[in-house]
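Asker: Would you mind keeping the following structure in view while I ask a few things?
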Amino acid sequence: MKRHYFISVLIILGITSILNGQDSKRDSNPWSISFSYSPKLEISRYLQYSGGQPFYKSFNNMIDYRLRRHLSLSFGINVNFEKEDYSNSDYNGISYDFRTFSEKIVLFEFPVQLNYHFRDTSKFFNPYIKLGLRNSFYHRDFVILPENLSYPYTRYFLLMDLGLGSYLKVSNHLSLIYEASVGFGLKYLRSDYVYLEGLIGLRYTLK
């Protein structure tokens, strides 16, 4: 997954180097793409009953369309993942039995996000507020060794998030993008599911 992030960065830089400097005027194309790293931290009160992990490493690929001067719509895919391995031993009266446990979690999210921009897109600093919905597919696989027992689990979740973000313009078509959000589970294992999410990445406005 780390390789995915670095490849995304190279794609953005490659496009920039090929198309750089052809037009110094204000960007007129309403479409842009972004590649970001967006870790997620669960802050629900009863974390031990969540049936999942409190922290996810996530990679975010989005397409943005400017609807109006101060309004844009974003959609794309987030890939969240986490893995944990641990072991214990039980004494059977004669010897110790050692077991290894492996838990793998993958969360595919398909966000749709509405952004209200406070300033014009041509400005160096362009803050905005965001409101998003996420269709999420959660898969957890719990494996016990040496018995090689596997317990897969798949569910659909619907999440909502609110937050603040901004573009920091680097060139005519390239910007840094960063966000901070709080999210809620509209359809989840528990009604009190709450998480924090940060995001930092690169955004490229198409010509």
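Asker: Would you please name the residue that is farthest from the chain's Cα centre (by Cα), looking only at residues in region 141-157 that are assigned to a strand (DSSP E or B) and surrounded by fewer than 13 Cβ atoms within 10 Å (Cβ to Cβ)?
Answerer: For region 141-157, the residue satisfying everything is 149.
Asker: Would you check if there is a residue in region 103-125 being touching a His at 6+ places or on another chain (Cβ under 9 Å), of a type in the set (Asp, Glu) and surrounded by fewer than 15 Cβ atoms within 10 Å (Cβ to Cβ)?
Answerer: Yes, that holds for at least one residue.
Asker: Follow-up question, since we're still on this one. Please go through region 160-196 and pick out each residue that is closer than 24 Å to residue 104 by Cβ and in contact with an Asp or Glu (Cβ under 7 Å, 6 or more places away or on another chain).
Answerer: 183, 195
Asker: Kindly evaluate residue 199 against the criterion of being under 18 Å from residue 81 (Cβ atoms), surrounded by 15 or more Cβ atoms within 10 Å (Cβ to Cβ) and aliphatic (A, V, I, L, M).
Answerer: yes
Asker: Considering only residues of region 158-194 that are among the charged types (D, E, K, R) and part of a strand (DSSP E or B), which is farthest from residue 117 (Cα to Cα)? Show your work before the answer.
Answerer: Our first condition is that a residue be among the charged types (D, E, K, R); within region 158-194, this holds for 161, 169, 179, 187, 190, 192.
From the residues that got through so far, the ones that are part of a strand (DSSP E or B) too are 161, 169, 179, 187.
Details: 161: 17, 169: 14, 179: 13, 187: 29 Å.
The qualifying residue farthest from residue 117 (Cα to Cα) is 187.
Asker: Which condition from (1) modelled with pLDDT of 90 or more; (2) under 17 Å from residue 65 (Cα atoms); (3) not β-branched (Val, Ile, Thr) is the one that residue 173 breaks?
Answerer: (1)
The values are calculated or read from the model by the stated rules, or taken from the named source; none is laboratory data. Because the structure is a prediction, the values reported are computed rather than measured. Here the Cβ is made from the backbone with ideal geometry for all residues, glycine too, and neighbour counts use every protein chain on show.
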